[in-house]
1. Which residue is nearest to the other protein chains (Cβ to nearest Cβ), if the candidates are limited to the stretch A:182-207 and must be more than 30 Å from A:V312 (Cα to Cα) and in a strand (DSSP E or B)?
2. Tally the residues that are more than 15 Å from A:L592 (Cβ to Cβ) and either aliphatic (A, V, I, L, M) or touching a Lys or Arg at 6+ places or on another chain (Cβ under 7 Å) (or both), restricting the search to the stretch A:530-545.
3. Got a sec? Which of B:A65, B:A80, B:A71 is buried (at least 22 other Cβ atoms within 10 Å of the Cβ) and either within 13 Å of another protein chain (Cβ to nearest Cβ) or of a type outside the set (V, I, T) (or both)?
4. For A:M483, indicate whether it is of a type in the set (A, V, I, L, M), modelled with pLDDT under 95 and closer than 20 Å to A:D230 by Cβ.
5. Please report, ordered by residue number, the strands (runs of 3 or more DSSP E) entirely within the stretch A:29-76 with at least 3 residues that are buried (at least 18 other Cβ atoms within 10 Å of the Cβ) and small (G, A, S).
6. Looking for whichever is in a helix (DSSP H, G or I), polar (S, T, N, Q) and crowded, with 24+ Cβ neighbours inside 10 Å here; the options are A:Q373, A:Q384. Which one fits?
7. Scan the stretch B:99-132 for residues that are at the interface with another protein chain (Cβ under 7 Å from one of its Cβ atoms) and closer than 16 Å to A:Q693 by Cβ and report the count.
8. Considering every residue within the stretch A:233-248, establish whether at least one is at pLDDT 95 or above, within 14 Å of chain B (Cβ to nearest Cβ) and crowded, with 22+ Cβ neighbours inside 10 Å.
Amino acid sequence: MTVTEERPTAEQQGTFIRPDGKEKVTGLGRYTADVNLTGQAHAAFRFADHPHARITRIDTSAARAIPGVYAVVTHEDVPENLYGGMVQDRLLFAKDTVRWEGDVVAGVAARTQAIAREAAAAIVVEYDVLPALPDFVANAQPGAPLVHPEWTAYDADDDLSREGNVVGHSTILKGDVDAAMETADVVVTSRFVADASQGAPIEPRAILAQWTGDRVTVWTSTQVPFAARDGVAHTLGIPQSHVRVIVPLLGGGFGSKCDFHFEAHVAALAEAAGRPVKLVFSRREEFLAPDHRREGMVLEFETGATKDGHLVARRATLHLDKGAYTGEGGFFAQMAAMHACGPYELDNVAVRAMLTYSTNQPSSSIRAPTAPQTCWALEQHMDQVAAAVGLDPVELRRRTLIRQGSHGPTGQVFDEIGMLDTLEAAVEMIGYGQELPDDEAIGVACGWWPSMASPSGAYVKLNGDGTGTIVTGAQECGTGAVMALPILAAEQLGMRPDDFSILYQDTDAGPWDMGASGSQTTFNNGRAVVAAAQEVRAQLLQMAAEKLEIDPADLELVDGTVRAVGAPSTSVTIAELAGTGTPLLGKGSGDLPENPPTDIPSACVGRLGLDSFLAPQLITHAARVKVDRETGVVRVLAFAAAHDSGVIVNKIGADGQVYGGVMMGIGQALSEATYFDEEGRQRNPGLLDYKLQTASDGPRIDVRWIEVDTPNAGPKGSKGVGEPPSVPTSGAVGNAIAQVVGRHVTQLPMTAERVWTTIQDVQEEAK
Amino acid sequence: MSIDITLTVNGVSHPLAVDPHASLLHTVRDQVGLTGSKEGCDDSECGACMMLIDGRPVNACSYLAVQADGAEVTTVEGLADGNDLTPLQRAFLEKGGVQCGFCTPGMLISATALLRDHPRPTEDQIRIALSGNLCRCTGYDGIVAAVAAAAEQG
C-alpha cells in the first residue's frame with residue numbers, strides 16, 4: 001500500500017499561498033497589540049535606574065495616589081520564585097539588586113498608557129549604586145567581583161560550571177595540539193571582537209492578560225507559547241492548567257521573542273488591577289528591556305597548517321558576554337566552541353569557550369546564537385591561513401571541508417552531506433575568479449548549524465465534508481513553517497493542502513512544542529503532523545475496507561477518495577467516510593532522531609548535547625562587494641547562497657528564509673550593533689541609530705539548494721532551514737572587504753569608520 | 001481639550017473629537033477601529049504605519065490627526081475591493097513578499113503610491129521607493145519581485 005499524489009501540489013507548482021496571507025495583506029489580521037478587551041487597563045514598567053545597584057527603598061505611595069492608577073506591583077506582590085533556563089537566577093521584579101538597566105523594579109496598571117508611565121516614574125526607588133561590571137573578559141578572571149554573589153545557591157543544570165562569573169565553560173580537546181602545531185609549516189594567530197546586536201523584529205512585543213476566577217488567559221507576541229505558559233505558572237505559583245496562552249499573529253521574532261519574558265508581570269498586574277491589562281512596548285523599550293540580544297564576543301584563534309593545505313591543529317579561546325541573567329542561553333559556550341571548529345576536518349583541537357556574567361543586557365538566542373560572530377571570525381582567520389600557505393581561499397576550503405565519511409572536530413562521522421557542493425555552487429553563482437575593478441572583490445565563507453531534535457505534537461482531524469484541521473502546538477513566527485504543515489498532511493491523505501485549516505496558537509488546545517526556535521518547526525512538528533495524518537489514514541483505510549469489502553492493503557488515498565489500487569472506480573470519498581460522524585482524529589509526535597555519537601574524551605567540560613550536529617545544515621555564502629576607499633563605505637553588489645538543508649518541503653518559504661537571513665547577516669556585517677556606554681547602558685536603542693538594512697541597501701541574492709535526501713532527519717529527508725542563512729554571511733562580506741583593503745577588519749560590525757581606519761592602518765604601514 | 005475633526009478613512013466619514021497631540025495612527029487605530037496600520041517605532045523610522053493622505057504616503061505615527069481633518073485617508077484596509085485583492089496584494093502573496101506581515105501594510109501603501117506615479121518602475125526605483133519601510137523577514141527580495149510583477153500586470 002502506498003500513498004500516491006498524482007496531482008502536483010500547490011507547493012510543487014511554486015504557487016504555495018500561505019494560509020494566513022489574505023488577512024495579512026488586507027490588514028484584517030490581528031496581532032497582539034490589535035486586540036483589546038472591555039475595561040482593559042494599560043501597563044508600564046519602572047526599569048532600573050542604574051545598571052548595577054542595591055535597592056534600599058521602594059515607595060509606591062505617590063504612584064498609587066495618581067488618579068487613574070489601578071495597581072502598582074513590586075516583588076512584594078508576587079511569590080519569590082527564581083526563574084531561568086539553565087540557571088534560575090532572576091526574579092520577576094527586582095528585590096535587593098538590579099543587575100542591568102532593563103531590570104524591572106515595578107509595574108503599573110492604569111486607565112491610559114500615559115497615566116501608567118507617569119505613575120511608573122513617580123515610584124520612589126532608592127539605591128546604593130554598585131560599580132558596573134560590563135567587561136565580560138575581565139569578569140571571567142579569577143577573583144573578579146561577582147554579578148551574582150549568591151549564585152552557587154541557585155538551582156542550575158549540573159553540567160554548567162560555576163566558576164566566579166563564568167556561567168558556561170565548554171572545551172573541545174582532541175588529539176595533541178602542542179605536538180601537531182610543531183609539524184605545521186605555518187601557524188597563524190588572529191584576534192577578533194564582535195559587538196552585540198539585536199533581533200529587532202518590526203513588531204514591538206505586546207501582552208494582554210485577563211483573569212477569569214483563578215485562571216488567566218494571556219495573549220502574547222511570543223515565539224515559544226509553552227515556555228511562556230510554564231513561566232507564568234512557575235513564577236506565580238499556579239498550575240499550568242490555570243494558564244492559557246494564545247498567540248495572535250506574530251510580527252517576527254528572530255529569537256528575541258523566545259523564552260518567557262513579561263507574561264507573568266502583566267498577569268500579576270491584571271490580577272492586582274482586577275481587570276484586563278495590556279502592555280505594548282515602545283521601540284525604545286523593545287531595545288532595552290528584553291533579556292535577549294546577540295552576545296558580544298572576543299575571539300582568539302591559532303591554526304597550524306601545512307603548505308599543501310592541511311589543517312593540523314586549532315587552538316581557540318572565546319569569551320562570550322552573557323549579560324546579567326542566563327535565560328535560555330546557558331548552552332552558548334558549547335555552541336560557540338563548535339563554531340570555532342567549523343565544518344572542517346580537524347584532528348587536533350583545543351578550544352575553550354567561556355560564557356560570563358556582566359551587568360549588560362542579557363544575551364540569549366538570536367537567529368543562530370553565537371554562530372554568525374564566531375563564523376565571521378573563523379572564516380576570516382581561514383582566509384589568513386590560506387594566504388599564509390599560499391593557497392586560494394576557496395582551494396583551502398576545498399581541501400579541508402567535511403564530506404561523507406569525514407571525522408568532524410568532535411569525531412562525529414558524517415553521512416552523505418552537501419558541504420563541498422555548496423562551496424562549488426556558491427563560487428559558480430558569484431562568478432569567483434572574474435576580473436573586477438580594483439575597488440571590488442569577492443569573499444567566500446562556509447558555516448554549519450545543527451538540526452534540533454525535540455519532542456513535538458500535532459493532531460489531525462477530518463471534518464464531515466472531507467476537509468481537515470491541523471491542531472498544532474508549533475508556533476508560526478512568519479517563516480511559514482506552520483503554514484506549510486498542510487503540505488505534509490495532504491500528502492499522507494491524498495488531499496490538497498488548502499483542504500486544511502490550521503489551529504494555532506492556544507496552549508489549551510494544541511500539544512506541546514518547543515516553539516519557533518532552533519529551526520525546528522518543520523523538522524519536528526512536520527514529523528508530528530505526518531504521524532498524526534498517518535493515524536487518520538489508517539482509520540480511513542479501515543473504514544473504506546469494510547465498506548468496499550477490500551483488503552486495506554489494496555487501497556490507496558488519491559484525490560480525496562479511498563479507492564482500490566488498479567480499479568479506481570471502486571472507491572469511496574473521504575467526505576462520505578468523515579460524514580458518518582465517526583471521529584477521524586490522529587495524534588502524533590513521530591520518532592525522535594538521536595544525535596550522532598562523538599569520540600571526544602570525557603576531559604571536555606560543559607558538554608550539553610551539542611557536541612555533534614544532527615542532520616547538519618551546511619552553507620557557503622559568497623559576496624561581491626565594492627569598497628569606497630575615501631569613506632570606508634561598503635556596498636554588497638551581489639550575493640550567492642548555497643545551502644544543504646536536506647530536501648526542501650516548501651520552496652517559497654525556504655527561499656524566503658535565505659533572502660531574509662542573508663539581509664540580516666549583511667546588517668550584522670556592516671551596520672548593526674548595540675553600543676554600550678562605559679556602564680553598560682545602550683547608546684543607540686532606536687532604529688535611527690541601530691541601522692537595519694533597507695530595500696535600497698540590499699543586493700540581489702541568488703539561492704541554490706543542495707538537496708541531499710537525509711536519513712535520520714525531518715520529514716521527507718529535510719533538515720532545518722531558518723537560522724543558517726545568517727551564519728556565514730558576515731564572514732563572506734569580511735573576506736571580500738579584506739581582498740580590497742589588504743587586511744581583515746577585526747571588529748564586527750565592519751562599519752565605514754572601522755573599514756576606513758583599517759585602510760589608513762594599511763597605508764601608514766606601507767609608507 | 002479636544003478638537004472636532006472629520007476624518008474620511010477609506011471613503012467613510014468619521015466625525016471625531018481628538019486631542020490636539022493625537023497622532024493620525026493612534027486615532028485611526030483606537031477611535032476609527034482600523035488596526036491594519038501598525039506601530040513599529042513611533043518615530044518615522046520603520047514605515048509600518050504608512051497611510052495615504054490625499055494619495056500621498058505618510059508615516060501616520062508622526063502625523064497629527066488634526067492635520068488630516070478633511071483629507072481622504074487610505075489605509076491598508078482600503079486597498080482591496082471588497083473580497084477581491086488588488087494585483088499588488090496578490091503578487092505579495094505569490095512572490096513571497098509576506099512573512100510575518102507586520103511591515104506589509106506600510107509596504108503595500110508605499111508600493112501603491114509608487115505604482116500610481118511610476119506604473120513601470122525599474123528595480124532601483126522600487127528599492128528606493130520602499131527604502132522607508134523596514135522589513136526584517138523577507139530580505140526585500142520577494143517584496144521587490146511582487147511590486148515588479150504587479151507593475152507587469154498593469
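The values are calculated or read from the model by the stated rules, or taken from the named source; none is laboratory data. For clarity, every value in this text was computed on a predicted model and none was experimentally measured. Counting neighbours? That spans all protein chains shown, and the Cβs are built from the backbone with ideal geometry, glycine included.
1. Among those residues, the one meeting the criterion is A:A206.
2. Going residue by residue through the stretch A:530-545, those that are more than 15 Å from A:L592 (Cβ to Cβ) are A:532-545.
Then drop every residue that is not either aliphatic (A, V, I, L, M) or touching a Lys or Arg at 6+ places or on another chain (Cβ under 7 Å) (or both), which leaves A:532-533, A:535-536, A:538, A:540-541, A:543-545.
Going through the stretch A:530-545 one residue at a time, the tally reaches 10.
3. Working: B:A80 fails: buried (at least 22 other Cβ atoms within 10 Å of the Cβ); B:A71 fails: buried (at least 22 other Cβ atoms within 10 Å of the Cβ).
From the options B:A65, B:A80, B:A71, the qualifying one is B:A65.
4. Working: of a type in the set (A, V, I, L, M): yes; modelled with pLDDT under 95: yes; closer than 20 Å to A:D230 by Cβ: no.
For A:M483, the condition - of a type in the set (A, V, I, L, M), modelled with pLDDT under 95 and closer than 20 Å to A:D230 by Cβ - is not met.
5. Working: elements: A:41-47, A:53-59, A:69-73.
Counting at least 3 such residues, we get A:41-47.
6. Values: A:Q384 fails: crowded, with 24+ Cβ neighbours inside 10 Å.
Just one listed residue meets the conditions, A:Q373.
7. Of all residues in the stretch B:99-132, those at the interface with another protein chain (Cβ under 7 Å from one of its Cβ atoms) come to B:99-105, B:108, B:127-128, B:130-131.
Add one more test, that the residue is closer than 16 Å to A:Q693 by Cβ, and what stays is B:99, B:103, B:127-128, B:130-131.
Counting residues in the stretch B:99-132 that are at the interface with another protein chain (Cβ under 7 Å from one of its Cβ atoms) and closer than 16 Å to A:Q693 by Cβ gives 6.
8. Initial filter on the stretch A:233-248 (at pLDDT 95 or above): A:233-248.
Subset that is within 14 Å of chain B (Cβ to nearest Cβ): A:247-248.
If we keep only those that are crowded, with 22+ Cβ neighbours inside 10 Å as well, we get A:247.
Yes.
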